[in-house]
Structures are given as C-alpha cells and as structure tokens.
1. Identify the single condition in (1) out of contact with any helix residue (DSSP H, G or I) (no Cβ under 6 Å at 6 or more places or on another chain); (2) within 17 Å of residue 207 (Cα to Cα); (3) not in a loop (DSSP other than H, G, I, E, B) that residue 136 does not satisfy, given that it satisfies every other one.
2. Within the stretch 275-298, count every residue that is outside any loop (DSSP other than H, G, I, E, B) and either within 21 Å of the chain's Cα centre (by Cα) or surrounded by 14 or more Cβ atoms within 10 Å (Cβ to Cβ) (or both).
3. What about residue 260, is it touching a helix residue (DSSP H, G or I) at 6+ places or on another chain (Cβ under 8 Å) and modelled with pLDDT of 90 or more?
4. Take the stretch 64-87 and flag every residue that is more than 19 Å from the chain's Cα centre (by Cα), buried (at least 24 other Cβ atoms within 10 Å of the Cβ) and not in a helix (DSSP H, G or I).
5. If residue 196 satisfies all but one of (1) closer than 24 Å to residue 373 by Cα; (2) more than 22 Å from the chain's Cα centre (by Cα); (3) in the same structural domain as residue 138 (by TED's automatic domain parsing), what's the number of the condition it fails?
6. Quick test for you: out of 150, 144, pick the one residue that is modelled with pLDDT of 80 or more and part of a loop (DSSP other than H, G, I, E, B).
7. Would you mind finding the one in 224, 230 that is modelled with pLDDT of 95 or more and in a helix (DSSP H, G or I)?
8. Test residue 252 against the criterion of being closer than 26 Å to residue 315 by Cβ, in a loop (DSSP other than H, G, I, E, B) and in contact with a strand residue (DSSP E or B) (Cβ under 8 Å, 6 or more places away or on another chain), and give yes or no.
C-alpha cells in the first residue's frame, strides 16, 4: 500500500494509500469488540461495492487495505477522522460523535492502534508451515517536515519506518525505488505498483503496505489427477479449466437454507485454511451474496459448526490478478472528506495544512495449484497538496467465493470471487 502527501493546491497521481498519523476522535466509552470483525465487515462492504462494476473475478486483501486505513486514521482529524471511523466501523453513527469529531475533541488513539499492533505482530510470527508477511514503509520527501509524533506512532503501531527520498528533484528515481521495494516484499510477484507518472514533485509521502502468503496444502492434489473440465460461468456459457481432484477428509458444512455448502481446505500445519462457499446451482452465487454477512461466515466456518467428512473434491487450478483504483469506491462508502481538497484534515501528519488524498490503488494476486497457494497484495493512496451419505461431492465447476483466514481468527487475509477462468 502506498500513500503520498502533497499540498492541497497541487495534484499528484501517487497510486498508494495515504495513512495519517493523528489523534482519533473517540468517545471515552468507545470499545471495539473485535478488530478482526471490523476488518471483515469493511471487506464485505468493499466487496459489495466492487461487484457493482465488476462482473468477473474479484480479489483483494481486507487486511492490507484495513492496515492502510488504520494508518490513515492515525493522521486524520475532525470530520475526516469521523468518516474513516464510520467506514471502518470504528465509531457508531451518532450525532454526538460527529459533533465531537468536528470540534476536534479527541482521545488518545491507543485503543485501536494497539489492537493493530498486536494483530500485525501475531500475523507475522515466523513458522515453518507457511510464509506470511505484512510489511509497511513510508517514503517521505526529504525536505518536508512531518510531525515526529506521527512518525513515532506509525512505527510503533504499524512497524513502518520513514525512508527519505527526493520527490522534488528525482521523482522517477524515487518511483523506481518504491517499486523495487514492493517487488522485493512480494517475491517479485507485484511489479510496477506505481506506474509512470503516478508521482510528481508535489508528492510529500508515499506509504506502502504489502501482504504476502505462500502455503502448501495439508493434503496436496496429485498432478496426474488433474484433467480438463468445463467451468460454467452461467447456465449457457462454459470454459475449459484444469480441474484438480482428490478424495480426502475435509471440514464441511451444508447450508440448506442458503442452498450452498462450505469446505475448508487446510494448509500445512492447519493454522490457515482456504474456505470455499459453493452454491448448489450454477447461477446461485449472485442470488445469495446479499444474505451472507461476516458474522454468518464466522459462524458457518467455526469448528463447532463444521464437521469432518470424506469429500470428493474437484477444485480448479487458477491464477487471479486484480487491480483497483479505489478513490471513487471509498467516498461512495462514506469516506468523502479524505479526497476533498477543501475538507480533508490530515493535520496530524504535519503542522502544515493542505494535505488530501488523491489516489488509492490496490493490487492483488493469487495462484492455486496442486501444491498449494501463493497470494500477495499491495495497497496505496496518494495525497496532494448433516448427511448420511458415505461422502460429499464438492464440485467447483461454477462461480464460488473463497477466503483465506487463520484458524480461530476473524480477520480475512484474502477475499475473492472466482467466476471467470
């Protein structure tokens, strides 16, 4: 994820996410029940916005984008901060909270950001079973004065240090340096996150977040069993795909009311799993999406709800890579002030006024093969100035939802819809 800072009077095209370091406007009695639940709810809200204009595959990292929003919230004040809290479900939609925010009546931000700090630390713990890393870095104009409190807080809570660069005299070189860092953090999977012309001499800060995951299936698919099969986009149209197959014991549940079923495909070590929600009907996915909530997903995939079943699994080998410019989507979700040069308030980042966000880019990639899954994402924003049968059949030959998350955790690392090979 990348964030750029500039003066309000000038425009930049940095395609990364601006995350501000500022005190939050929180009620004294404000308690967030679960950071993971907030991340998942935001992810679902974003998914429903994206599907309005995307008929095919959808893929993004709720964790990556939420980390960016958390850092942005760290530097926002007034109604800008209040709107961010609304979009990210940090603050209940009450008139009193809005008034307090507009009056800049603030509390220390530690409650939210301590949760992010713990969350990011837990996710990044080393393990021999899989590779999972979430990294943040700030690239700041070397002549621009950022508030030291902002730099201290963003490093403390988000493990993001500031690297000075010369946006004024060496814009292109700075862009290449940032792209090179993103490429190295994503094992060369995401290249040229910042396209040519995305930065300018007005850029003050680019904040980058990357999420990388690579894991082997607990039970690998045998390559000799992979055969070409038809994947039905709808009842009338199909495409041939390499379909992986195996007969194994998986966690499974049937959702009779929804006319769908869920399967958990664990990765080695069983700490992470890919969950697949497959409707019974070829064209059933769009009919049930509005009935799915983060809370229901957590309930359906809980150990007490799923049971171990022998499953005849057919799962497509796939490669999905998606890119989104979210500067139009996020205001539609309620985050309008951050992108408005007249109303944006990011004074928690710098004592100078005039910063506003201009671009917000998110790119993600996932590859599922017989051996396992590799997935990565980068986000950025710019500132300018029950059955009695012996086994179950789980045949993924039509559109389905999938998400990767840790066992026992709420937060979804990657969320997607596979509907077009």
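1. Going through (1) out of contact with any helix residue (DSSP H, G or I) (no Cβ under 6 Å at 6 or more places or on another chain); (2) within 17 Å of residue 207 (Cα to Cα); (3) not in a loop (DSSP other than H, G, I, E, B) one by one, residue 136 breaks only (1).
2. Residues flagged as outside any loop (DSSP other than H, G, I, E, B) and either within 21 Å of the chain's Cα centre (by Cα) or surrounded by 14 or more Cβ atoms within 10 Å (Cβ to Cβ) (or both) within the stretch 275-298 amount to 15.
3. Taking the combined requirement at face value, the residue satisfies it.
4. The answer is 75, 76.
5. Among (1) closer than 24 Å to residue 373 by Cα; (2) more than 22 Å from the chain's Cα centre (by Cα); (3) in the same structural domain as residue 138 (by TED's automatic domain parsing), the lone unmet condition for residue 196 is (1).
6. Checking each option against the conditions leaves just 144.
7. Of 224, 230, the one residue that is modelled with pLDDT of 95 or more and in a helix (DSSP H, G or I) is 224.
8. So residue 252 does not fit the description; no.
The values are calculated or read from the model by the stated rules, or taken from the named source; none is laboratory data. Please read these numbers as outputs of a predicted model, since none were measured by experiment. So basically every Cβ, Gly included, is an ideal-geometry build from the backbone, and we count neighbours across all protein chains shown.
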